[in-house]
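Visitor: There's a structure below that I have some questions on.
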Amino acid sequence: MDSARAAGPLHMSQHGVHQRRSMVRRNRASDHRGIGCQTVAYRGENLRYREWAFGVGHVCYCIPAVPLSLFLMRRPPVSTATIHRVTPGELLLLHALLDVFGDAFGDPASYAERRPSAAYLQELLASDTFVTLVAQVDGRVVGGLAAYELRKFEQARSEFYIYDLAVEAAHRRRGIATALIRVLQEIAATRGGWVIFVQADHGDDPAIALYASLGEREEVLHFDIPVP
């Protein structure tokens, strides 16, 4: 797969996966329909986590946010990329990632024509609840992801939502997307996260295969609600 956008109706092209922005989730204390529990056994320890159904016609994957040393990991392809979290002083890396997203999703206008100011981006990158990871090969950005931490109110914990994920076509099938998600798992674990969730569209077999290797699948509905 190595190219996924996780925030709304998903569209697949030769360039990757394209998903529009918006996400609705059921999360009422008295109505947890679509929520189940999974137990992963690893080296004698049971790691239990909840799965949530959210927001029409989507497949949701819930990926445990636990340290890698505790999670049963399938062997991914070997990645030669370096994974790095972008900081407020590294706007050039963020702009390079936006270029990758625009090309991978076949939507350069959305990612190039109205980019925020430097001050806006620096403030966003300084936030603990926004995570941007880039994958670099020979010092050049070839992929990355953007994710948001959602701090919960029913318990003192967080969930992480992968909004965009893409890898350049020439660097796909090398384990880079998997490596990006693994680093996000580590970050989520340090932030008190208990799950990472991401969407894929029916028929997007590469994305589904990737997420199925990392998490548990939910059949969900998704709705875009306009803002007046």
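Values quoted throughout were computed directly from the atomic coordinates according to the rules given, and no laboratory measurement underlies them. Quantities reported herein were computed from a predicted structural model and do not represent experimental measurements. Glycine also receives a Cβ, built like all others from the backbone with ideal geometry; neighbour counts cover every protein chain displayed.
Visitor: Could you work out how far apart the two model spin labels at L92 and L221 are, taking each label as a point 7 Å from the Cα in the direction of the beta carbon, and quote it in nm?
Guide: Rounded to a tenth, the inter-label distance reads 4.9 nm.
Visitor: Hey, what do the phi angles of the stretch 171-178 turn into as Karplus ³J(HN,Hα) couplings, whole Hz, using 6.51/-1.76/1.60 and θ = phi - 60°, x for Gly and Pro?
Guide: Per residue, the Karplus-derived 3J(HN,Hα) values read 10, 7, 6, 10, x, 5, 4, 4 Hz.
Visitor: What residues qualify as long-range amide H neighbours of R157, i.e. H under 5 Å apart, gap of 5 or more or another chain, H built at 1.01 Å from N?
Guide: Result for R157 returns K152.
Visitor: Whole-Hz Karplus ³J(HN,Hα) for the stretch 195-207, in order, using 6.51 cos²θ - 1.76 cosθ + 1.60 and θ = phi - 60°, x for Gly and Pro?
Guide: Going residue by residue, I get 7, 10, 10, 8, 10, 9, 9, 4, x, 8, 4, x, 5 Hz, with x marking Gly and Pro.
Visitor: Starting from the Cα-Cα distance between D205 and E186, subtract it from 0.36 nm times their residue separation and give me the gain in nm to one decimal.
Guide: 4.2 nm
Visitor: A169 versus L124, label points 7 Å from Cα toward the beta carbon: distance in nm?
Guide: Placing both labels 7 Å along Cα→Cβ, they lie 2.6 nm apart.
Visitor: Residue by residue through the stretch 99-110, which ³J(HN,Hα) values in whole Hz follow from phi under the Karplus form 6.51 cos²θ - 1.76 cosθ + 1.60 (θ = phi - 60°), with glycine and proline marked x?
Guide: Computed from phi, the couplings for the stretch 99-110 are 5, 4, 4, x, 6, 5, 8, x, 9, x, 4, 5 Hz.
Visitor: Which peptide among 211-219, 178-186, 85-93, 193-201 comes first, and what is the full order, when sorted by highest mean count of other Cβ atoms within 10 Å?
Guide: Order by mean packing, descending: 193-201, 178-186, 211-219, 85-93.
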